[in-house]
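What follows is one structure encoded as C-alpha cells, with my remarks underneath.
Any read-out appearing in this document is the output of simple, stated calculations on the displayed coordinates, not a laboratory observation. Model, not experiment: these values are computed from the prediction. All Cβ positions, glycine included, derive from the backbone under ideal geometry; neighbour counts span all protein chains shown.
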Number of protein chains: 2
Amino acid sequence: MLEVLVLGNSAATPAYQRNPSAQLLYTDFGLLLIDCGEGTQMQLKRYKVKLLKIKAIFITHLHGDHYLGIFGLLSTLSLLGRKSPLYLYAPAELAEIIRLQHKVSQTILTYPLLFEATNPDQPTQIFENDAMTIHTVPLRHRIACTGFLFREKPKKHKIHIELFEEKPTTPQILQLKNGHDVLDEDGQVMYAVDKYTTQPPHLSYAYISDTIYDETLVGQLNSIDVLYHETTFLQEDHSKAQETFHTTAQQAAQLAKTAKVGSLLMGHYSSRYQDLNPLLQEAQAVFPKSQLSEQGKRYRIGDAQEIVEKAGENSP
Amino acid sequence: MLEVLVLGNSAATPAYQRNPSAQLLYTDFGLLLIDCGEGTQMQLKRYKVKLLKIKAIFITHLHGDHYLGIFGLLSTLSLLGRKSPLYLYAPAELAEIIRLQHKVSQTILTYPLLFEATNPDQPTQIFENDAMTIHTVPLRHRIACTGFLFREKPKKHKIHIELFEEKPTTPQILQLKNGHDVLDEDGQVMYAVDKYTTQPPHLSYAYISDTIYDETLVGQLNSIDVLYHETTFLQEDHSKAQETFHTTAQQAAQLAKTAKVGSLLMGHYSSRYQDLNPLLQEAQAVFPKSQLSEQGKRYRIGDAQEIVEKAGENSP
C-alpha cells in the first residue's frame, strides 16, 4: 500500500489557502511525513490523521517552508504522551536547531527522537525493512537538499485457492507465495506460479523538492510509479527558476518523460500563480500523465497508469 | 484608537480549529503583533491584514505556542520586499534562534530587524512615542515570560466650534486643545475647557499570558480598560494550573475584579475543553464583565464599560 495525502503545496510562502510543503505517505510500514512546513500539525488534524501513528519524518532541506512546522508537531506529540521512538531524517543542522529550541523552552520530549542526518552528496539507503526501502536523492538547490525515494519490496504472490483441484500442501503454498513453480517428483511443473497466483504490484514514489532542473536524476527515478516533482514556475518564468534553483512545469514533465515514470504529481507552486491550470497544461503538453497535487486530497500510488483520487477515511 | 484582532487563542497545542496564541493590536502608532504562534502568518492573510503594515512584534516567552510562527512571518515579509525596520521585543534567546535558522537557510532579510531583549525581572518601558507607551509586565511562568501593557497617552481635547459665539483665536484654540481654560485679561475664565471641549478617552490594554495566578500584577494593571488574561483551566482543574504555572478562569476574574479593570478578555484555552462556556460562566460569576476572546473577532478597547465586537474591514 502506498498512498499520499497532500498537506501543503505552496512554495516559499503560503498563498490562496495553499500551505507550505508537507505530505503524508501511507505505507505498509506506517505513516511517514515528508517535509513539515508551518501549519502541518493543523493540517494533519484537519484531515483527521492520528498523529501518534506517524512513524518517521523526512525533511528535504532547511528552507522554512519545508520544516518550520516540525517544532510544534514534536511538541504536540509529546503533549499526547507519545512513547514510541520517532525517526527523523533531515539535514544535520536541524538537530542543532531543535536542541537550541528545546533548551530555551526547557522541553523534554516524552519519546525518543532518533535523528539521522542526511547526506546531500550521494544517494544513500536510509531505511530498509521487510516491506520497503527508502533512499535519499541528492538535489541541486541553493542549500543542501535531498529528495526521497520510497520503494516497496516485491510482494508475496497471492494464491488463487479456487483454481486447485486438490488442496496444495503447505510447502507447495510457500513455494508458490515466493514466486516459484511447484514441480512434481519428475521435475515437471505441477503448479505454474503464473497460473495459480498473482503478484500484487510493488510500488515506488519519489518526492523531489526543491531543485533546479537536473536530468541526472533520471538514473534514480527511472520507471518509478509516481514522481512528485516541484513545478514552482511556468516556463515563461524560466529565468526566475534558474536564478532560484527551481524547476518549471515543462522541465519537470520533461524529466518525468525521460525517466519513463508512471505519473507526474506536481506541486510547490509559486505564490505568483493563483490559477494553476497553466502549469498543468504546460506539463501535460510534454507528459500527458501529469496531474496537479491538490491540498487535502489523497492519491493512490497506482499501477503506473494513473493516480486516482481517493475518498478515503482521512479525506477532508 | 485601540482595537484587538484575535488570531489564535489555544494553549500549548492547536485544538478545535483554535490556533496558538497571537493577537493583532490596532493603534495610532500602527499594527502591533503580540505573540506569534505557529500559523500566524496564515491567520493574518485569512483576515486580510496588510502584513507590511506591522510595525512591531512582541513575544511573551519562548514556549512554542507563542513564537513558532515568527520565522515564517519574517521570511514572508522579506519575500514581500519589506524595507522599513521591524521592531521585535522578545526574550534574548530568540535572537540566537533566529540567527541560527537564518545562517542555516542562508537567509538575509530585506529589512532591518531591530531586536530588543525583554527583561523578565522588572517592569520596563520598552517603547514611547507621542501616542503611546508600552511596558513589559513580568510574569511567573515555567520559563522567563513577560506580558505587555499598552497605554495611549492623554489625547488633545476636541473643540466644539459650534459653541463659540465668536471665533476663537489660534492661541486660544491651542490652549483649549491642551486642556486648559482660556482666561481673559482680568484672569477670569473666558472659555472653560469643560464646556467647550471634550477629551477622547485614552485607552489601555494589557496582554497577560502565560502566568500562574499572581495578585501582585494588580499594581501594574490597576484600572486599565481591557485586560486580556490567560484562562487556561477551569477551577476544578486548579491543581493542573498550579503545576503548569497557568491560571484558572475564576482566578483571572478575581484579578480583574481586584484590579478594577474595565473588562476581562479571556483566552489561551486548554485543548481539554471543547466547549468554552463553563470557563465563561466561571469568570462571570466573579467578574461580570468577562468575555471569551473568539478567534477571528476584532474587539474595540472601549470606555472601560464594554468590549464591543466589531465587524471591521479586517474581520473574516
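Observations on the structure shown:
- Taking only Cα atoms of the protein assembly as shown, radius of gyration then Dmax in Å: 30.3, 135
- Spin-label zone in segment A:66-90 - amide nitrogen under 12 Å from a point set 7 Å from the Cα of A:Tyr111 along the C-beta vector: A:73-88
- Helix axis angle, A:93-104 relative to chain A longest principal axis, alpha carbon, degrees: 60 degrees
- Under DSSP loop assignment and at most 16 Cβ neighbours within 10 Å, longest GluC sites (Glu not before Pro)-free interval of chain A: A:1-164
- Computed from label points 7 Å out along Cα-Cβ, the spacing between A:Asp184 and A:Lys155 is 3.3 nm.
- Nonlocal amide H pairs with A:Ser263, under 5 Å, H built at 1.01 Å: A:Val226, A:Leu227
- Hull volume in cubic angstrom per residue (convex hull over the Cα atoms of chain A): 156 Å³
- Longest DSSP-loop-exposure-free segment, trypsin sites (Lys or Arg not before Pro), chain B, at most 11 other Cβ within 10 Å: B:84-316
- Net dipole in debye of segment B:180-257 [+1 Lys, Arg Cβ; -1 Asp, Glu Cβ; about Cα centre; nearest 20]: 300 debye
- FRET efficiency for A:Gln281 and A:Glu215, using Cβ-Cβ distance with R0 set to 25 Å, rounded to 0.05: 0.65
- Gaussian network model of chain B, springs between alpha carbon atoms under 10 Å - residue of B:Ile98, B:Ile173, B:Ile57 with greatest fluctuation: B:Ile173
- Chain A: most fluctuating residue of A:Pro278, A:Pro171, A:Pro120 per GNM, C-alpha cutoff 10 Å: A:Pro171
- Charge dipole magnitude, Cβ of K and R +1, D and E -1 - segment A:1-94, Cα centre, debye nearest 20: 480 debye
- Only Lys, Arg (+1) and Asp, Glu (-1) charged, at Cβ; chain B dipole about Cα centre in debye: 1180 debye
- A cut-off under 15 angstrom between Cβ atoms defines the neighbours of A:Thr197, and their net charge, with Lys, Arg +1 and Asp, Glu -1, is +2.
- Charge tally around B:Asn119: other residues with Cβ under 15 Å, Lys/Arg +1 each, Asp/Glu -1 each, net -2.
- Starting from the label point of B:Lys156 at 7 Å along Cα→Cβ, the same points in the other copies fall at 8.5 nm, in ascending order.
- Each copy carries a label point for B:Leu100 at 7 Å from Cα toward Cβ; from one copy, the others' points are 0.5 nm away, ordered from shortest.
- Placing a label point 7 Å from the Cα of B:Asp181 along the Cα-to-Cβ direction, the distances to the matching points in the other copies come to 11.8 nm, shortest first.
- Charge context of B:Leu68, other residues only, Cβ under 11 angstrom, K/R +1, D/E -1: -4
- Look at the dipole of chain A built from charges on Cβ: of A:Pro123, A:Tyr273, A:Gln284, the Cα furthest out on the positive end belongs to A:Tyr273.
- Using alpha-carbon coordinates, inclination of helix B:249-258 to the longest axis of chain B, degrees: 30 degrees
- When only alpha carbons are used to place a centre, segment A:42-63 and segment B:85-150 end up 30 Å from one another.
- Within segment B:146-161: backbone nitrogen closer than 16 Å to the B:Lys177 label point (7 Å, Cα to C-beta): B:154-161
- Span from the segment A:200-230 Cα centroid across to the segment B:1-34 one, whole angstrom: 42 Å
- Paramagnetic label zone (point 7 Å from Cα along Cα-to-C-beta, A:Lys50; backbone N under 18 Å) in segment A:64-83: A:77-83
- Partners of A:Lys155 within straight-line reach, counting lysines whose Cα lies under 20 Å from its Cα and excluding those fewer than 8 residues away in the same chain: A:Lys177, A:Lys195.
- Among A:Gln125, A:Gln291, A:Gln175, residue whose mean-square fluctuation peaks in a GNM of chain A (springs only between Cα atoms under 10 Å): A:Gln175
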